[in-house]
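The values are calculated or read from the model by the stated rules, or taken from the named source; none is laboratory data. Note that the coordinates shown come from a computational prediction; the quantities given were computed from them, not determined experimentally. Cβ sites come from the backbone with ideal geometry, for glycine too, and all protein chains shown count toward neighbours.
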């Protein structure tokens with residue numbers, strides 16, 4: 001009996017020694033963080049699939065059962081968001097592409113090309129990063145509405161163009177505004193990446209007689225693809241989710257050119273209250289473009305972050 005007890009004690013002791021308490025703690029923290037982030041997501045999905053009555057009488061994270069389950073919330077939310085989806089994409093895609101291209105060229109000129117006044121221009125870019133949105137809203141509205149009404153000038157052109165509506169001209173000032181406001185931060189991101197590149201690449205090209213433009217097109221641009229993915233995803237997300245500029249220049253959710261961020265607060269609201277199932281369905285549908293973008297370019301995004309941190 002004593003021998004069996006001693007063998008058991010030895011086995012338990014050896015098992016305890018084999019357990020890495022640090023690893024157990026790490027896995028515990030990972031599980032807690034997963035629960036912290038995934039429970040609200042699961043709650044939102046369950047709410048989107050419930051009728052308004054089921055939302056009122058059931059726990060938020062409980063799945064819908066019986067007559068409480070419905071897909072009408074998603075159908076209604078999609079019908080309300082269809083036009084605003086088009087408006088948001090027409091605004092965000094060209095603005096992001098222009099931002100990324102111009103910021104890359106600016107960062108190249110501020111990093112790999114030496115010229116007088118370079119530090120002063122870089123300082124202006126740094127200052128531009130810290131200009132708050134609220135400080136420019138009134139001047140922005142007066143400029144685009146009174147001093148230079150670009151939307152009204154372009155309205156006949158958009159009305160005559162195929163695949164566009166006349167009100168899409170209202171998106172042009174928004175695109176230009178987002179490009180101007182996004183270039184500083186995108187330039188700083190690209191510059192940090194270009195600073196990590198070896199100088200031998202550019203020096204070898206200069207010895208071979210390559211011009212500044214050719215060095216950018218043939219050498220810098222091809223090796224910048226991971227950073228392009230990082231900046232593109234970051235800037236697209238910022239522009240797509242932006243509210244203040246859209247609210248200032250488009251003026252309201254009733255405008256036909258209103259993007260998704262202006263439409264969302266009004267969906268599911270009525271005199272009798274808020275239909276949280278419809279509201280949550282609209283929120284998930286509105287987030288789809290950014291989710292698809294992250295999933296599609298996840299590998300390039302991770303590579304760009306790893307290269308920048310390295």
Hits in the stretch 269-299 (condition: in contact (Cβ under 8 Å) with a residue 60 or more places away in the chain and in a loop (DSSP other than H, G, I, E, B)): 275, 297
Test: residue in the stretch 216-234 that is touching a helix residue (DSSP H, G or I) at 6+ places or on another chain (Cβ under 9 Å), more than 30 Å from residue 113 (Cα to Cα) and in the same structural domain as residue 114 (by TED's automatic domain parsing): no
All positions within the stretch 253-279 that are at positive phi and in contact with a helix residue (DSSP H, G or I) (Cβ under 7 Å, 6 or more places away or on another chain): 268
Test: residue in the stretch 99-120 that is at pLDDT 90 or above, in a helix (DSSP H, G or I) and either closer than 20 Å to residue 261 by Cβ or not assigned by TED's automatic domain parsing to the domain that holds residue 203 (or both): yes
Qualifying positions in the stretch 234-243 - surrounded by fewer than 21 Cβ atoms within 10 Å (Cβ to Cβ) and closer than 16 Å to residue 96 by Cβ: 234, 237, 238, 241
Residues (within 30 Å of residue 168 (Cβ to Cβ) and free of Cβ contacts under 8 Å to residues at least 40 places away in the same chain) located in the stretch 98-127: 101
Hey, residue 144 in the same structural domain as residue 287 (by TED's automatic domain parsing) and part of a loop (DSSP other than H, G, I, E, B) or not: no
Members of the stretch 244-268 that are buried (at least 20 other Cβ atoms within 10 Å of the Cβ) and either in a loop (DSSP other than H, G, I, E, B) or at pLDDT below 90 (or both): 257, 258, 259, 267, 268
2 or more residues at pLDDT 95 or above and buried (at least 20 other Cβ atoms within 10 Å of the Cβ): qualifying helices (runs of 4 or more DSSP H) within the stretch 170-230: 171-195
Index of the failed condition, residue 62 passing every other in (1) more than 28 Å from residue 243 (Cα to Cα); (2) in a helix (DSSP H, G or I); (3) touching a helix residue (DSSP H, G or I) at 6+ places or on another chain (Cβ under 9 Å): (2)
Residues of the stretch 105-121 that turn out to be surrounded by 10 or more Cβ atoms within 10 Å (Cβ to Cβ) and more than 20 Å from residue 224 (Cα to Cα), as a count: 2
Residues within the stretch 128-141 that are assigned to a helix (DSSP H, G or I) and without any contact (Cβ under 8 Å) to a residue 40 or more places away in the chain, tallied: 3
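For residue 240, indicate whether it is in contact with a helix residue (DSSP H, G or I) (Cβ under 6 Å, 6 or more places away or on another chain), under 16 Å from residue 109 (Cα atoms) and assigned to a helix (DSSP H, G or I).
Details: in contact with a helix residue (DSSP H, G or I) (Cβ under 6 Å, 6 or more places away or on another chain): yes; under 16 Å from residue 109 (Cα atoms): no; assigned to a helix (DSSP H, G or I): yes.
When the stated conditions are applied, residue 240 does not pass them.
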